[in-house]
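Just so you know, all these numbers are worked out from the coordinates, no wet-lab data involved. In this text, all values refer to a predicted model and were calculated from it rather than measured experimentally. We place every Cβ from the backbone using ideal geometry, glycine too, and count neighbours over all the protein chains shown.
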Ligand SMILES: CC(C)(COP(=O)(O)OP(=O)(O)OC[C@H]1O[C@@H](n2cnc3c(N)ncnc32)[C@H](O)[C@@H]1OP(=O)(O)O)[C@@H](O)C(=O)NCCC(=O)NCCS
């Protein structure tokens with residue numbers, strides 16, 4: 001079995017380590033540049049991010065919740081094989097398509113024909129319904145609900161418990177605050193909060 005290398009040591013990394021343990025994967029260790037970085041759930045810190053071997057023999061996952069940082073880190077490696085991980089307590093329909101590096105946490109549900117890009121996170125207990133399309137570097141936080149035919153552009157972040165009604169499109173690098181309910185399309189790069197979610201003026 002190829003051992004899994006994990007980039008990151010924060011709270012999201014803890015959940016990724018737990019996911020890898022639930023899958024009974026061998027974990028090589030962790031990489032992070034933070035001066036106070038250390039072991040996570042018994043998995044050792046192996047070095048800085050630049051110490052991750054950029055090789056096709058390396059199987060790795062980016063365990064960082066911040067979408068822009070995940071994109072930047074992915075761009076630093078051209079040879080690494082990115083692991084796609086699905087928690088055994090998630091339910092993913094066989095027609096769903098998941099890109100490299102995408103992770104599905106415990107209790108999440110992916111319904112038929114959901115299509116997810118690379119390095120996307122569907123966090124604890126979130127649901128992604130039929131025909132949803134999620135781009136690369138999306139983060140759907142715990143407890144979110146996406147109805148059918150929702151489209152999330154690259155880098156979209158939905159805060160905990162956010163909901164999106166059927167057919168809405170949220171364009172790239174937008175943020176929906178915790179508990180927000182999206183009832184209309186959102187343009188790129190905006191932050192929307194509340195019920196119904198309204199764009200917050202900068
Ligand atoms: C929307 C969000 C990104 C805004 O963060 P921010 O720019 O730091 O905003 P602030 O905390 O400075 O708040 C600015 C204003 O927006 C309001 N606000 C913040 N988040 C809100 C939310 N989710 N719903 C409604 N209003 C919100 C604040 O009350 C404040 O209002 P005020 O100016 O009248 O006092 C953030 O509050 C949020 O919801 N993050 C989600 C975090 C999350 O779910 N993480 C999951 C990790 S797995």
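Here are the numbers for this structure:
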{"quantity": "Sequence-separation-based contact order of the range 111-202, relative, with Cα cut under 8 Å and 6+ spacing, percent", "calculated": "18 percent"}
{"quantity": "The chain - convex hull of alpha carbons, volume per residue in Å³", "calculated": "109 Å³"}
{"quantity": "Folded to 0 to 90 degrees: helix 11-22 orientation relative to the chain principal axis, Cα", "calculated": "70 degrees"}
{"quantity": "Relative contact order computed over the chain (Cα-Cα under 8 Å; 6+ residues apart), in percent", "calculated": "11 percent"}
{"quantity": "Rounded Å value of the spacing that divides the Cα centres of the range 124-160 and the range 63-119", "calculated": "11 Å"}
{"quantity": "Gyration tensor (Cα) of the range 4-82, equivalent ellipsoid semi-axes in angstrom", "calculated": "17, 15, 12"}
{"quantity": "MRE, 222 nm, helices only [DSSP H, n ≥ 4, -39500 (n - 2.57), over the chain, to nearest 500]", "calculated": "-3000 deg cm²/dmol"}
{"quantity": "Mean Cα-pair separation over length for the range 4-82, i.e. relative contact order, pairs under 8 Å, 6 or more apart, %", "calculated": "35 percent"}
{"quantity": "Alpha-carbon Rg/Rh ratio, for the range 84-189, with Rh computed the Kirkwood way", "calculated": "0.92"}
{"quantity": "Theoretical FRET efficiency, 1/(1+(r/R0)^6), r = Cβ-Cβ of residue 76 and residue 34, R0 25 Å, to 0.05", "calculated": "0.90"}
